[in-house]
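Chemist: Please see the structure below; I have some questions.
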Amino acid sequence: MIDDRPRWAGRMESERAARGWSPLDAARAMRAHSTHELPDERTLARSWRRWESGAVEPRDHKGLIAAVFGTTTHAFFPIDHRRDGNAEVLDVSGMDTVEIVARLRASDVDEATLDALRITVDRLCTEYAYMPGDQLLVEGRAWLNRVVSMQHQRLTLGQHRDVLSLAGMLTLLVGCVEYDSGGVTRTHAEATRQAALAIGREVGNAGIQGWAHEMRAWFALTTGDMRGVISAADSGLAVAPAESVAVQLLAQKAKAWARLGDRRQTEVALDAGRSLLESMPYPENVQNHFVVDPGKWDFYSMDCYRKVGDNQISETLAREVLRAGVDFDGTERSPMRNAEARITLGVVAAREGDLGTALAYGEQALRSDRQSLPSLTMVASDLGAVLTQRYDDDPQARDFVQHMRSLGSR
């Protein structure tokens, strides 16, 4: 049967069901979370049923409904913003890549060139989600070299700071892709991260510094150093408490606490990050890797609830991540997030005794063309652990675990 309700209506039902709530329970939760007077719970329950049916939109209560389920308004009630980065460079600046490069080689750099360069850097950071890592690494390094070469040209003080900030963002991007790719490039990622941190300090850019600390937290997370994650996150929060990166730093803390087995601290960090993200304006480009878009909070929460063993909530969130990460034509908008969501569904299936479904989700995740090897290996190890514990005598399960280990060895 086709569900033609709005996406938010179906999510209201699935989130409520994951917690074993009735509409009356959901109404009580709304009243508990609200800071202002609401109708009585039975009236709210009747409204809830109408919202779930999709007949009426909860216009005045969207933020409250999102808070009840531990997410953000724009994650629960998404806005669809899409744009073609290459077309935008040309439309806004009137320059293609060849002309931008030619101008960068000139003796003087005008504001139009800098604007085109800003848009190009934004495009590259946007392409992180789906461009093959080796291709993005080559292009990112090439643009970084072009930007660095501008330091030898005549620049105003303001232009000098702008150029350094753009170099810092490109350095962060290159470091992320280096770490994603594994192998030799992974050993370069820490030096690249430190270079980005130095640039951020030189120009006083709190965002660049915060993302450099977030990368250290990510590196620590994927190598099993949970106390290192918390330390790096706290360092980043100290220098960039009001930047978008602060949300992701809190998410990394939540992930670390979940892996340490402390559910209370996990949910404290999740709630702090959710509240901060909810207070921020909706970003101009939600696809930029260095922008924490509202929908990403479901992705963070999914990881945490999988680790603390809450199958129902982690499964519900994984399905939301997949729904948001695939376009109507089936194109993968967020292949790396989708892969981790499929691993989560595989873990839940394995825990519930459905080995075939677990393996199907696991193999689909590992076949993804765009991968962050450290993150995917870390998440896949959760599935591997369940398979080893419960299905060690099954040859297909053993084959998958071996496949996962070979991925990690890369």
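Please treat every number below as a calculation from the coordinates, not as lab data. Since we're looking at a predicted model, the values are computed, not measured. With ideal geometry, Cβ positions are generated from the backbone for all residues, glycine too; neighbour counts draw on all protein chains shown.
Chemist: Of all the stretches in the chain, which is the longest one without any exposed loop site, taking chymotrypsin sites (Phe, Trp or Tyr not before Pro) in a DSSP loop (any state but H, G, I, E, B) with at most 16 other Cβ atoms within 10 Å?
Modeler: It works out to 131-327.
Chemist: With the convex hull built on the Cα atoms of the range 7-69, state its orientation-averaged projected area in nm².
Modeler: Averaging across all directions leaves 3.7 nm² for the Cα convex hull.
Chemist: Let me ask you something else. Once Lys and Arg get +1 and Asp and Glu get -1 on their Cβ, which of SER279, SER375, GLY261 lies farthest toward the positive end of the dipole of the chain?
Modeler: My answer, from the dipole projection, is GLY261.
Chemist: In deg cm²/dmol, rounded to 500, what helix-only [θ] at 222 nm does the chain give when every DSSP H run of at least 4 residues adds -39500 (n - 2.57) and the total is split over its residues?
Modeler: -23500 deg cm²/dmol
Chemist: Residue-wise, which Karplus ³J(HN,Hα) couplings in Hz belong to the range 19-31, taking 6.51 cos²θ - 1.76 cosθ + 1.60, θ = phi - 60°, and x for glycine or proline?
Modeler: Here the 3J(HN,Hα) series is 9, x, 8, 8, x, 5, 4, 4, 4, 5, 5, 4, 5 Hz.
Chemist: Now for a separate question. Quick one: 3J(HN,Hα) in Hz for the range 132-144, Karplus 6.51/-1.76/1.60 with θ = phi - 60°, rounded, Gly and Pro as x.
Modeler: Using θ = phi - 60°, the values come out as x, x, 5, 5, 5, 5, 5, 5, x, 5, 5, 5, 4 Hz.
Chemist: Per Stokes-Einstein, at 20 °C and 1.002 mPa s, what whole-number D in µm² s⁻¹ belongs to the range 309-410, with the Kirkwood radius over Cα pairs as the hydrodynamic radius?
Modeler: Translational diffusion coefficient: 159 µm²/s.
Chemist: Now a separate question. What size of dipole, in debye to the nearest 20, comes out for the chain about its Cα centre when the only charges are +1 on Lys and Arg C-beta atoms and -1 on Asp and Glu C-beta atoms?
Modeler: Value, rounded to 20: 800 debye.
Chemist: Once you charge only the Cβ atoms, +1 for Lys and Arg and -1 for Asp and Glu, what is the size of the charge dipole of the range 7-69 about its Cα centre, to the nearest 20 debye?
Modeler: Rounded to the nearest 20 debye, it is 140 debye.
Chemist: For helix 335-351, what angle does its Cα long axis make with the longest principal axis of the chain, in degrees from 0 to 90 and rounded to 10?
Modeler: So the helix axis and the longest Cα principal axis differ by about 30 degrees.
Chemist: Under a straight-distance cross-link criterion of Cα-Cα below 17 Å, which lysines are reachable from LYS253, leaving out those fewer than 8 residues away in the same chain?
Modeler: Answer for LYS253, where 17 Å is the Cα cut-off: LYS296, LYS307, listed by chain and number.
Chemist: What is the helix-to-structure angle for 311-325, meaning the angle in degrees between its Cα long axis and the longest Cα principal axis of the chain, kept from 0 to 90 and rounded to the nearest 10?
Modeler: The two axes meet at around 40 degrees.
Chemist: Here is a further query. Just to confirm the filter: which GluC sites (Glu not before Pro) across the range 229-303 are DSSP coil and have at most 16 other Cβ within 10 angstrom of their Cβ?
Modeler: GLU284
Chemist: What's the Cα-based Rg to Rh of the chain, Rh via Kirkwood?
Modeler: 0.99
Chemist: Another question, if that's okay. Nearest 10 degrees is fine. How inclined is helix 245-259 to the longest principal axis of the chain, computing both from alpha carbons?
Modeler: The two axes meet at around 50 degrees.
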